[in-house]
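Peer 1: Here you go, one structure.
The values are calculated or read from the model by the stated rules, or taken from the named source; none is laboratory data. No experiment lies behind these values; they were computed from the predicted model shown. Cβ coordinates were reconstructed from backbone atoms using ideal geometry, including for glycine residues, and neighbour counts include every protein chain displayed.
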Amino acid sequence: MAKSETSSDTARPWQSYHTVYTNAKAGMDGVDKEKVQRIVYEMSKGSKYFENEERKEAFIRQKIETMRARCAKLTATDISHFQMVAEKRILELEAARNLSRIWLHVDMDAFYAAVETLSNPSLEGKPMAVGSMSMISTANYEARKFGVRAAMPGFIARKLCPELIFAPTDFKKYTYYSDLTRKVFQKYDPNFMAASLDEAYLNVTDVCKEKGVTGEEIAKEIRASVFEETGLTCSAGVAANRLLAKVCSDINKPNGQFVLPNNRMAVMTFISSLPVRKIGGIGKVTEHILSDALGINTCEEMLQKGSYICALFSQSTAEFFLSVGLGLGRTDTPEVRLQKSISNERTFSATGDETLLYRKLEEIAEMLSTDMQKEGLCGRTLTLKLKTAAFELRSRAVTSQKHICASKDILKHASKLLKAELPISLRLIGLRMSHLNEERDGVPLDPTQKTLTHFMVSGDASGKDVDEQRSFGHEAHDISDYFVNKEKSDSFTGSHETRHSHRDHLDSNHSSELNGDNCTFDSNAAEMETFHNPSSDVTADKLEGTSCLNTVTNGASLLEGEAEAVSSSGQRELFLWVNDYKCSICGIEMPPDFVEERQEHCDFHLAEKLQKGESSTVFRSSNLRQRVVCKDHIVSQSQRKKRKSSPKEGRHIPIDLFFIKSNQNF
DNA sequence: GAACGAGTTTTTC
DNA sequence: GCAGCGAAAAACTCGTTC
């Protein structure tokens with residue numbers, strides 16, 4: 001089943017170099033695949049990229065070997081068991097087959113390239129690609145004849161086709177034309193699903209009924225209409241579900257369509273010989289695994305080897321493969337398609353220069369923030385993606401309790417993550433925000449998250465006062481030393497380099513304009529909440545860095561929220577970190593960056609008081625508001641793993657238990 | 001064992 | 001002449017916590 005190293009591999013080493021470029025794409029039927037593979041191999045070998053690809057390839061081979069070994073270990077009883085499992089699942093899937101819908105997948109032909117040709121007719125008939133020397137986004141059909149295609153580095157593309165003309169990407173233009181096509185789609189399915197700028201799924205069941213026409217006729221009409229509106233051609237696939245419609249739209253590309261009748265026999269015949277790679281969601285790696293571990297190359301074989309699929313893959317993956325074997329796909333239109341994450345990343349010449357790296361990070365944070373604000377999104381989990389000079393990928397994430405979208409907040413957390421990875425030589429930095437909601441910054445904490453802090457400050461656990469009460473306008477934050485130093489050195493402040501459109505550039509070395517906010521303390525970054533008590537001047541004292549907190553030597557520490565003031569029975573009692581290190585109540589020492597542990601420690605003392613029965617008056621009175629809390633809960637899991645909780649950990653009260661206890665006191 | 005978070009992998013254009 | 005391989009999103013896996 002598996003491909004073993006043969007003598008031809010040694011004689012023609014490029015044959016075992018798996019790239020995505022030999023996968024048949026529309027317009028590439030007559031391409032000399034071996035020649036393309038050889039050129040790609042020869043231009044790549046010896047590079048760091050190539051070495052990394054080889055590492056990845058070896059990893060996949062290992063995975064395949066493991067799977068084959070697992071297959072070999074399956075006993076006859078195992079196989080018969082999994083055969084039954086597969087058959088049962090196939091019957092269930094078959095019972096749910098829905099052939100009542102007519103789905104249309106519309107795919108614009110070489111979209112970016114076609115738009116470029118439209119605006120520059122001299123490109124007509126010439127091989128051209130949209131992109132740059134480092135990477136191309138798409139190629140027209142003339143270029144595809146040479147093996148040039150999307151996701152190929154420009155320098156390889158030029159080697160394959162020396163006449164190749166490059167056009168820079170212009171997303172504004174593509175968006176404009178995309179909008180024109182969408183206006184057409186809208187007429188046929190108001191709930192059409194845009195898959196990308198140049199692709200959409202339309203449920204035309206209703207419109208076919210209304211007009212008394214077939215899916216084929218609607219497809220023709222739509223394609224004609226798109227051409228009329230844009231001057232661009234597209235291809236369409238018509239089938240009973242989205243998965244099949246997508247496969248169908250590729251069959252008669254460009255400027256064609258294919259209709260798969262809505263009957264089981266037609267679907268099964270169509271799917272039987274279909275290579276698995278044609279299915280959306282099955283890419284280079286899955287194809288490789290299915291082929292080399294299980295000998296599965298066509299969709300039909302998914303069913304034939306159902307027992308092995310059920311034995312080797314997770315339930316959801318097995319189910320997907322079996323449904324592919326049956327030619328099943330989604331037939332519904334999801335009511336809401338919520339975006340799960342939003343990200344921005346940039347590649348640049350590999351560097352270990354920390355100043356440069358921080359500058360890049362800052363640019364990306366800025367771009368991400370802009371994108372998020374455009375979309376009206378805020379997120380809780382920030383992931384830093386890094387690609388080392390050796391092309392190895394890493395990611396580090398932090399999850400905050402608060403949804404954020406401001407660049408200064410993003411940068412604050414991103415800086416911490418990056419700082420932990422230094423020194424490092426990088427060629428890419430990316431930032432991704434997930435756990436999105438659609439509300440703006442400053443949303444209240446999720447009321448289901450019953451943190452002690454939240455409970456205390458809101459009084460009624462609703463959290464509604466949190467933002468109103470957040471009053472520190474001049475906090476220091478825990479941003480990396482770099483930004484503090486940067487402000488001092490003024491190496492960026494006041495520079496007014498142009499900010500370019502982030503989508504159009506690879507390897508752009510521009511520096512974004514750095515406004516004062518990014519260099520100075522920001523108002524939200526420390527996430528410090530102050531609840532001012534008219535009878536206490538804690539807030540004012542802190543702001544002025546005087547009197548009651550003068551045991552803390554470092555003024556900045558005060559502003560970082562490293563002090564806690566707890567009021568008890570109207571009598572002010574200070575709880576703070578002496579010398580920014582030592583708990584004033586029990587004397588336990590904890591470094592300043594143990595933010596979460598410190599918070600936990602504060603909570604512990606507070607809970608201790610409550611347990612001693614000292615709490616009721618505190619909670620009943622408005623003095624509750626005078627607690628100054630440090631709420632920076634944002635600590636990466638990796639950091640958490642490294643650090644152990646305070647020695648008092650054993651006495652920590654589970655938060656839910658605490659709620660029960662304190663509610664009893666009310 | 002479900003939910004969640006972090007980190008990795010895969011796919012797509 | 002020379003070196004040189006992207007960006008975005010989501011799924012998946014695994015460990016931790018409750």
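Peer 1: Can you list the helices (runs of 4 or more DSSP H) lying wholly within region A:126-198 that have 3 or more residues being closer than 22 Å to A:Ala224 by Cβ?
Peer 2: Working: elements: A:141-144, A:154-160, A:171-188.
Correct list: A:171-188.
Peer 1: Also, quick follow-up: Any idea which of A:Cys208, A:Cys234 is within 15 Å of DNA strand B (Cβ to nearest atom) and in the same structural domain as A:Asp107 (by TED's automatic domain parsing)? Let's see the steps before the verdict.
Peer 2: Numbers: A:Cys208 fails: within 15 Å of DNA strand B (Cβ to nearest atom).
Only one candidate qualifies: A:Cys234.
Peer 1: Something else now. Within the set of pairs 6 or more residues apart or between chains, which connect a residue that is among the aliphatic types (A, V, I, L, M) inside region A:99-116 to a residue that is within 16 Å of DNA strand C (Cβ to nearest atom) with Cβ atoms less than 6 Å apart?
Peer 2: Note: pairs meeting the criteria are A:Val106/A:Ala200; A:Met108/A:Asp198; A:Ala110/A:Thr138; A:Ala113/A:Val130; A:Ala113/A:Thr138; A:Val115/A:Tyr174.
Peer 1: Under 8 Å by Cβ, and 6 or more places apart or on different chains, what pairs join a residue from region A:250-269 that is under 21 Å from A:Ser323 (Cα atoms) with one that is of a type in the set (Gly, Ala, Ser) and surrounded by fewer than 16 Cβ atoms within 10 Å (Cβ to Cβ)?
Peer 2: That search, which allows pairs on different chains as well, returns A:Asn262/A:Ser100.
Peer 1: Right, another one. Among the residues of region A:178-213, count how many are of a type in the set (Val, Ile, Thr) and touching a residue at least 24 places away in the same chain (Cβ under 8 Å).
Peer 2: Residues of region A:178-213 of a type in the set (Val, Ile, Thr): A:181, A:184, A:204-205, A:207, A:213.
Next, only the ones that are touching a residue at least 24 places away in the same chain (Cβ under 8 Å) stay: A:181, A:184, A:204-205.
Total satisfying the criteria: 4.
Here's the yes/no breakdown for (1) of a type in the set (D, E, K, R); (2) within 16 Å of DNA strand B (Cβ to nearest atom); (3) surrounded by fewer than 21 Cβ atoms within 10 Å (Cβ to Cβ):
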position	(1), (2), (3)
A:Leu243	no, yes, no
A:Cys248	no, yes, no
A:Pro261	no, no, yes
A:Met268	no, no, yes
A:Ser273	no, no, yes
A:Val285	no, yes, yes
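Peer 1: Give me the residue from region A:148-181 that is more than 15 Å from DNA strand B (Cβ to nearest atom) and within 26 Å of A:His105 (Cβ to Cβ) and, out of that set, surrounded by the most Cβ atoms within 10 Å (Cβ to Cβ).
Peer 2: A:Leu180
Peer 1: Ok, one more. Mind listing just one residue for me: the one in region A:84-95 that is surrounded by fewer than 16 Cβ atoms within 10 Å (Cβ to Cβ) and touching a residue at least 60 places away in the same chain (Cβ under 8 Å) and, of those, farthest from A:Lys246 (Cα to Cα)?
Peer 2: Filtering region A:84-95 down to residues surrounded by fewer than 16 Cβ atoms within 10 Å (Cβ to Cβ) leaves A:84, A:87-88, A:91-95.
Filter once more, keeping what is touching a residue at least 60 places away in the same chain (Cβ under 8 Å): A:87, A:93-94.
On the way: A:Glu87: 27, A:Leu93: 20, A:Glu94: 20 Å.
The residue in question is A:Glu87.
Peer 1: Hey, another quick one. Among A:Thr317, A:Thr355, A:Thr347, which is the only one that is in contact with a Leu (Cβ under 9 Å, 6 or more places away or on another chain) and either closer than 21 Å to A:Ala389 by Cβ or within 15 Å of DNA strand C (Cβ to nearest atom) (or both)? Break it down stepwise before answering.
Peer 2: Values: A:Thr317 fails: in contact with a Leu (Cβ under 9 Å, 6 or more places away or on another chain); A:Thr355 fails: in contact with a Leu (Cβ under 9 Å, 6 or more places away or on another chain).
Matching residue, one of A:Thr317, A:Thr355, A:Thr347: A:Thr347.
Peer 1: Out of A:Ser369, A:Ser341, report the one residue that is in contact (Cβ under 8 Å) with a residue 24 or more places away in the chain, closer than 21 Å to A:Ala406 by Cβ, more than 12 Å from DNA strand C (Cβ to nearest atom) and among the small types (Gly, Ala, Ser).
Peer 2: Working: A:Ser341 fails: more than 12 Å from DNA strand C (Cβ to nearest atom).
When all the criteria are applied, what remains is A:Ser369.
To keep it simple, each residue is scored yes or no on (1) surrounded by 21 or more Cβ atoms within 10 Å (Cβ to Cβ); (2) in the same structural domain as A:Gly430 (by TED's automatic domain parsing); (3) within 15 Å of DNA strand B (Cβ to nearest atom); (4) more than 13 Å from the chain's Cα centre (by Cα).
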{"residue": "A:Ile364", "(1), (2), (3), (4)": "yes, yes, no, yes"}
{"residue": "A:Asp371", "(1), (2), (3), (4)": "no, yes, no, yes"}
{"residue": "A:Glu375", "(1), (2), (3), (4)": "no, yes, no, yes"}
{"residue": "A:Gly379", "(1), (2), (3), (4)": "yes, yes, yes, no"}
{"residue": "A:Leu384", "(1), (2), (3), (4)": "yes, yes, yes, no"}
{"residue": "A:Lys387", "(1), (2), (3), (4)": "no, yes, yes, yes"}
{"residue": "A:Ser395", "(1), (2), (3), (4)": "no, yes, yes, no"}
{"residue": "A:His403", "(1), (2), (3), (4)": "yes, yes, yes, yes"}
{"residue": "A:Lys408", "(1), (2), (3), (4)": "yes, yes, no, yes"}
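Peer 1: Evaluate region A:69-84: report whether one residue or more is modelled with pLDDT of 90 or more, away from DNA strand B (no atom under 14 Å from the Cβ) and either under 26 Å from the mean Cα position of the chain (by Cα) or part of a loop (DSSP other than H, G, I, E, B) (or both).
Peer 2: yes
Peer 1: When region A:375-411 is examined, which residues are found to be within 11 Å of DNA strand C (Cβ to nearest atom), more than 24 Å from A:Leu422 (Cα to Cα) and among the charged types (D, E, K, R)?
Peer 2: Of everything in region A:375-411, just one residue is within 11 Å of DNA strand C (Cβ to nearest atom), more than 24 Å from A:Leu422 (Cα to Cα) and among the charged types (D, E, K, R), namely A:Glu375.
Peer 1: Another question, then. Which count do you get for residues in region A:205-247 that are part of a loop (DSSP other than H, G, I, E, B) and among the small types (Gly, Ala, Ser)?
Peer 2: We begin by selecting, within region A:205-247, every residue part of a loop (DSSP other than H, G, I, E, B); these are A:212-214, A:231-233, A:240-241.
Those still in the list that are among the small types (Gly, Ala, Ser) too: A:212, A:231, A:240.
The qualifying residues number 3.
Peer 1: Looking only at residues in region A:1-31 that are away from DNA strand C (no atom under 15 Å from the Cβ), surrounded by 13 or more Cβ atoms within 10 Å (Cβ to Cβ) and at pLDDT 65 or above, which one is farthest from A:Ile251 (Cα to Cα)?
Peer 2: A:Arg12
Peer 1: Might you let me know whether region A:420-432 holds any residue that is assigned to a helix (DSSP H, G or I) and either among the aromatic types (Phe, Trp, Tyr) or within 26 Å of A:Arg337 (Cβ to Cβ) (or both)? Step through it out loud before you land on a result.
Peer 2: Residues of region A:420-432 that are assigned to a helix (DSSP H, G or I), as a first pass: none.
Scanning region A:420-432 turns up no residue that is assigned to a helix (DSSP H, G or I) and either among the aromatic types (Phe, Trp, Tyr) or within 26 Å of A:Arg337 (Cβ to Cβ) (or both).
Peer 1: Another question, if that's okay. Out of the residues in region A:42-68 that are among the aromatic types (Phe, Trp, Tyr) and within 8 Å of DNA strand C (Cβ to nearest atom), which is nearest to the chain's Cα centre (by Cα)? Steps first, answer last, please.
Peer 2: Restricting attention to region A:42-68, the residues satisfying the condition of being among the aromatic types (Phe, Trp, Tyr) are A:49-50, A:59.
Filter again for within 8 Å of DNA strand C (Cβ to nearest atom), leaving A:49-50.
Numbers: A:Tyr49: 23, A:Phe50: 25 Å.
Ranking the candidates gives A:Tyr49 first.
Peer 1: Kindly provide the set of residues from region A:329-350 that are modelled with pLDDT under 90 and surrounded by 13 or more Cβ atoms within 10 Å (Cβ to Cβ), ordered by number. Outline the logic, then answer.
Peer 2: Our first condition is that a residue be modelled with pLDDT under 90; within region A:329-350, this holds for A:332-339.
Scanning region A:329-350 gives a single hit, A:Thr333.
Peer 1: Would you mind stating whether A:Thr181 is within 16 Å of DNA strand C (Cβ to nearest atom) and among the polar types (S, T, N, Q)? Working first, answer last.
Peer 2: On the way: within 16 Å of DNA strand C (Cβ to nearest atom): no; among the polar types (S, T, N, Q): yes.
Here the answer is no, as A:Thr181 does not meet what is asked.
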